[in-house]
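Here the structure is laid out as structure tokens; the discussion comes afterwards.
The values are calculated or read from the model by the stated rules, or taken from the named source; none is laboratory data. This structure is a prediction, so every number in the text was calculated from the model and none was measured. Using ideal geometry, Cβ is built from the backbone for each residue, glycine included, and neighbour counts are taken over all protein chains shown.
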């Protein structure tokens, strides 16, 4: 078979390879987004004992960013190749084209098999059947879409397969809906910045708390103000609120008790403690009664104080002791 000079075979190879890569990446990213929807709205503390809603959303954001960039490239490459085939029908029978199309199906099959094996393993280890069924349906949707599209490409005979275009546009709409819904679930960039600032506030309060405990162990008294924690030798400087630049609020309640306060912009991801003046996120209500995850730094929106009492048995005084080593932070 001869190919006219207008047919750039090296270009075709590049475009089909690009099609393979963008297809696999888009399929995997779409699957991750759907999986994280399921993980967020149907939590399972047995299957994911150390995973949090924040970690699910972080994974979702990464998949969304990938999908937003890669999926349009896949659409463009597919459109360009179809247009090129319609313009030069002889390319439909190129061996390199058929080889690369089969390679696409092969690569997609390996990814899908790997996902199914991982899902079945999770199910056998006790994952909720509802989550398992929904994830299986998501995998079957991705697998069916890939196989229908590329098998039709291999058997394309023109008008007889015009229905595949309707199918392709349906898939595009589904992916776009998933992307838009993902931004609603994961939060806007502005909201995410507020969340990260609150995470910084919690981290600062944890650091200050350990410095206060360390101070008490060495002096058997609490600092009257946070400035007393500054240590030019170790280089420690009391952190300040990242939003306002002001010191965090600190109050001495007794010889062993104190509280640390901060003004938060959001509600903590996993919910709030029972004594925090804010209602928990919906995800917390989906855990069975008595099995809600616990975190000493849950917070609501606005001013929140964390009261702490030092237990001398857990944190004995080091005053007068020799070979004192600082508490690692």
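Numerical summary
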{"item": "Test: residue in segment 153-164 that is at pLDDT 80 or above and buried (at least 16 other Cβ atoms within 10 Å of the Cβ)", "result": "no"}
{"item": "Number of positions in segment 46-73 that are more than 16 Å from the chain's Cα centre (by Cα) and modelled with pLDDT of 80 or more", "result": "5"}
